[in-house]
Amino acid sequence: MDMRDIEEGRRRWQARYDSSPTNRPRPTSRGSRRRDADFTTLSGLEVDPVYGPPAADPRFERIGWPGEFPYTRGLYATGYRGRTWTIRQFAGFGNARQTNERYKMILGAGGGGLSVAFDMPTLMGRDSDDPRSLGEVGHCGVAIDSAADMDVLFDGIPLGDITTSMTISGPAVPIFCMYLVAAERQGVDVHGLDGTLQTDIFKEYIAQKEWLFAPEPHLRLIGDLMEFCARDIPAYKPLSVSGYHIREAGSTAAQELAFTLADGFGYVELGLSRGLDVNRFAPGLSFFFDSHVDFFEEIAKFRAARRIWARWMRDVYGATSEKAQWLRFHTQTAGVSLTAQQPDNNVVRTAVEALAAVLGGTNSLHTNALDEVLALPSEKAAEIALRTQQVIMEETGVVNVVDPLGGSWYVEALTDRLEEEAERIFARIKDMSPDGSITGGILRGIEDGWFMAEIADAAFTYQQQLEKGEKKIVGVNCHTQSIEEPLEILRVGHEVEREQNRLLAERRGTRDQAAVDAALRRMTEVARTEDNLIPAMLDAVRVEATLGEICGALREEWGDYSEPARF
């Protein structure tokens, strides 16, 4: 790219930047605004909002300016000078009342949004009193059995003002319906709700293994949800395509990048197959990435992700609007990088990983607590995790300049390399497809165990490197001497399960059982047609049908799914 093209790009960027209104930061602000804040260094030096090459640079066409295609450097011309990332701490434990208290602590301490962690029975679509739930209620997240629990979960938290992310995929749609009903009961206009539902069933088959049905019924539900949100709740994101769990299962950065974006392409193909306008539904897709401890590789991964997504959306799927080409993503620091040995070191790891996410341009961020490798976070550890983000945001100056590492020879080379690796994986996925689609390749890869084998090979290689000492983890295979003291960790007692089951029995005894039975029958009847299932499911939720009853009725209709044995 010659200097004239670069200068023309700078003028376009400057026009976008200058047209962004200046305002003081507000929790509800959106888009490319400029905050009224001090953007000098600690020593008082003025810095420009963005920097570019001082001379002609052939790489610059692939790098570009912030706020324009291919979005390598970010979606907004103003970067974090406009709106900082949302501090969205992932939390949930015990019952809805206990988690509600933790949410109020997070919001009171400066959190900008909520992210709901559910317990294992909820993630598997089971009620708390199901025999298979024994010993698991409230242990890895909050127990939600019906809309009444959702009412308690968000008691005193105005859902019309707070963006809420819910990390659940298998039973995501009935949980979403409970969230809508809780908003209705608050008197909120649900058409204006803003938040994110994970719903990503592909990554369950690939990595996390929390599904209810075979892939086809899940995709039917996801298609119904996409249609419903595009029509009735346009700001809500019905899908958060998750690479986090793929990385936590042992994948490489390139595999996380490629498998995640391929899953996203699959959902785009699902929307197109429903006759939806890509420019209308694609902005409802968001992403969820892991930020691991290899600092520069993670930054390059995030930059490559934006560039690949924009190019595929424009050139393959025909998206013409900017928002349909944007890859917006949430990041969580790497749980798998935390160590039980010398757990205080996890504060350092999390800070490095969070900084990588910020320099990569994340839109929202969760920072793990130092004790999360041992148990759910204690209140003190949760506060340290929150303050980690606030120190980065308020003290380090990284919000002053958009994509400050743009143009670094190392970062740009890594970005290009990860993009090339991802493209090779996309080609392999398409080769597996009977019809040449990404979706067909994903389904075939799931059926054949290809994704699982690729991740297992990567995890095995890394484990060998650790055991040989080629890769180092402080406190584990090097620098193991320590004066650490035992941590006090959060424990969820058996009384939580007993109390949850008591409340569930009480609610069942006081609801209109005939109305519940009728609503479940109607939902099952709709499931046998091609009609959208969301309205019928909402009706079942409104009369206090439980999660287990709703998912159980659909299991009877669609059957269970078991992963084929492979040797």
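The values are calculated or read from the model by the stated rules, or taken from the named source; none is laboratory data. As the structure is a prediction and not an experimental result, all values here were calculated from the model. Neighbour counts are summed over all protein chains in view; Cβ atoms, including those assigned to glycine, are modelled from backbone coordinates with ideal geometry. For accessibility, only protein heavy atoms count, side chains too; no ligands or nucleic acids. Shrake-Rupley method; radii C 1.70, N 1.55, O 1.52, S 1.80 Å.
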- request: Answer yes or no as to whether Ala385 is surrounded by 13 or more Cβ atoms within 10 Å (Cβ to Cβ), in contact with a strand residue (DSSP E or B) (Cβ under 9 Å, 6 or more places away or on another chain) and either assigned to a helix (DSSP H, G or I) or polar (S, T, N, Q) (or both).
  value: yes
task: Quickly run through the stretch 194-229 and pick out the residues that are touching a His at 6+ places or on another chain (Cβ under 7 Å), assigned to a loop (DSSP other than H, G, I, E, B) and open to solvent by 10 Å² or more (accessible area, probe 1.4 Å).
output: Trp211
field: Residue list for the stretch 426-439, restricted to those being open to solvent by less than 40 Å² (accessible area, probe 1.4 Å), out of contact with any Asp or Glu (no Cβ under 9 Å at 6 or more places or on another chain) and in a helix (DSSP H, G or I)
entry: Phe426, Ile429
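Here is a yes/no grid of residues against (1) hydroxyl-bearing (Ser, Thr, Tyr); (2) touching a strand residue (DSSP E or B) at 6+ places or on another chain (Cβ under 8 Å); (3) open to solvent by 90 Å² or more (accessible area, probe 1.4 Å); (4) touching a residue at least 40 places away in the same chain (Cβ under 8 Å):
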| residue | (1), (2), (3), (4) |
| --- | --- |
| Glu485 | no, no, yes, no |
| Glu488 | no, no, yes, yes |
| Glu495 | no, no, yes, no |
| Ala505 | no, no, no, yes |
| Thr510 | yes, no, yes, no |
| Asp517 | no, no, no, no |
| Leu520 | no, no, no, no |
- request: Filter the stretch 103-118 for residues that are under 15 Å from Ser165 (Cα atoms) and of a type outside the set (S, T, N, Q) and give the result.
  value: Tyr103, Ile106, Leu107, Gly111, Gly112, Gly113, Leu114, Val116, Ala117, Phe118
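Here's the yes/no breakdown for (1) surrounded by fewer than 21 Cβ atoms within 10 Å (Cβ to Cβ); (2) over 20 Å from Pro66 (Cβ atoms):
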| site | (1), (2) |
| --- | --- |
| Asn346 | no, yes |
| Asn368 | no, yes |
| Pro377 | no, yes |
| Gln389 | no, yes |
| Pro404 | yes, no |
| Leu414 | no, no |
| Arg424 | yes, yes |
- prompt: Restricting attention to the stretch 68-92, which residues are assigned to a loop (DSSP other than H, G, I, E, B) and either in contact with a strand residue (DSSP E or B) (Cβ under 6 Å, 6 or more places away or on another chain) or hydrophobic (A, V, I, L, M, F, W, C) (or both)?
  reply: Phe69, Leu75, Ala77, Thr78, Gly82, Trp85, Gly92
message: Any residue that is crowded, with 20+ Cβ neighbours inside 10 Å and closer than 19 Å to Gly170 by Cβ - is there at least one of those in the stretch 105-116?
response: yes
field: Only listed residue being acidic (Asp, Glu), closer than 28 Å to Met432 by Cα and open to solvent by 40 Å² or more (accessible area, probe 1.4 Å), chosen from Asp277, Asp290, Asp263
entry: Asp277
task: Being surrounded by 20 or more Cβ atoms within 10 Å (Cβ to Cβ) and under 17 Å from the mean Cα position of the chain (by Cα) is the filter here, so list the residues in the stretch 230-247 that pass it.
output: Tyr236, Lys237, Pro238, Leu239, Ser240, Val241, Ser242, Gly243, Tyr244, His245, Ile246, Arg247
message: Suppose the filter is β-branched (Val, Ile, Thr), farther than 23 Å from Val152 by Cα and in contact with a strand residue (DSSP E or B) (Cβ under 6 Å, 6 or more places away or on another chain); does Val241 pass it?
response: yes
query: Which numbered condition trips up Pro283, out of (1) within 18 Å of the chain's Cα centre (by Cα); (2) in a loop (DSSP other than H, G, I, E, B); (3) surrounded by fewer than 22 Cβ atoms within 10 Å (Cβ to Cβ)?
result: (2)
- prompt: When you go through (1) free of Cβ contacts under 8 Å to residues at least 60 places away in the same chain; (2) buried (at least 21 other Cβ atoms within 10 Å of the Cβ); (3) farther than 24 Å from Leu466 by Cα one by one for Thr333, which number turns out not to apply?
  reply: (3)
- request: Can you tell me which residue within the stretch 258-279, out of those that are among the charged types (D, E, K, R) and in a helix (DSSP H, G or I), is farthest from Asp200 (Cα to Cα)?
  value: Glu269
